[in-house]
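Single-structure report; data block below.
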Amino acid sequence: IENKDDQEALQQAGARFEDLITEHPDPPDYFFKNAGITFGRLRLVGNQCKMVHNFSRYLLKTSEGPDQTKDIVKIVRDYIAHVKRLKEAGAKADCETDVVNAAKRAYKKYKK
């Protein structure tokens, strides 16, 4: 991020976050948040799914309140609306089912 979204550095950071999340027995919420930010800045096909999935997992795990999570909740909400439009058009979601389900669960938690 400090290197003006250097794509190579972001790819390395994204891979490292994935490793940390996989290797840690109980990854802290900020691992998911930072992974979501990293994948959101990567301009590679499919990274929006990784971003949404990590942000959803962050929202499901964190105890931070609405002031700290509102931007991420908006991203997840917008993705759910996108999936709904795809479904209405007769198309499938562009991310795996587990990503869509995690996004729905996360949004439901913060929708109140």
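The values are calculated or read from the model by the stated rules, or taken from the named source; none is laboratory data. Everything numeric here is computed off the predicted structure, so don't read it as measured data. Using ideal geometry, Cβ is built from the backbone for each residue, glycine included, and neighbour counts are taken over all protein chains shown. Please note that ligands, DNA and RNA were not included when accessible areas were found on the heavy atoms of the full protein model with its side chains. Shrake-Rupley method; radii C 1.70, N 1.55, O 1.52, S 1.80 Å.
For region 1-52, what are Rg and Dmax over the alpha carbons, in angstrom?
When restricted to the Cα atoms of region 1-52, Rg and Dmax are 10.6, 32 Å.
Rank by packing, highest mean first: peptides 47-56, 85-94, with packing defined as the count of other Cβ atoms within 10 Å averaged across residues.
The most tightly packed comes first, giving 47-56, 85-94.
Please name whichever of Cys95, Ile72, Thr62 sits farthest to the positive end of the charge dipole of region 59-102, dipole taken about the Cα centre and charges placed at Cβ: Lys and Arg +1, Asp and Glu -1.
Most positive-ward Cα: Cys95.
Given an 8 Å cut-off on Cα distances and at least 6 residues of separation, report the relative contact order of the chain as a percent.
That works out to 23 percent.
If you look at just the Cα atoms of the chain, how large are its Rg and its Dmax in Å?
14.0, 41
Keeping the other protein chains in place, figure out the carbon and sulfur percent of the accessible area of the chain, with a 1.4 Å probe.
About 50 percent, which is the carbon plus sulfur part of the accessible surface.
Taking the Cα centre of the chain as origin and charging only Cβ (+1 Lys, Arg; -1 Asp, Glu), how large is the dipole, in debye to the nearest 20?
For this selection, approximately 800 debye.
Please give the per residue accessible area of region 1-84, computed with a probe of 1.4 Å over protein heavy atoms only, in Å².
60
When Lys and Arg each count +1 and Asp and Glu each count -1, what net charge do the other residues less than 13 Å away from Leu44, Cβ to Cβ, add up to?
So the surrounding residues net to +1.
Note the full-extension length gain between Lys84 and Asp19 as 0.36 nm times their separation in residues minus their Cα-Cα distance, in nm to one decimal.
20.2 nm
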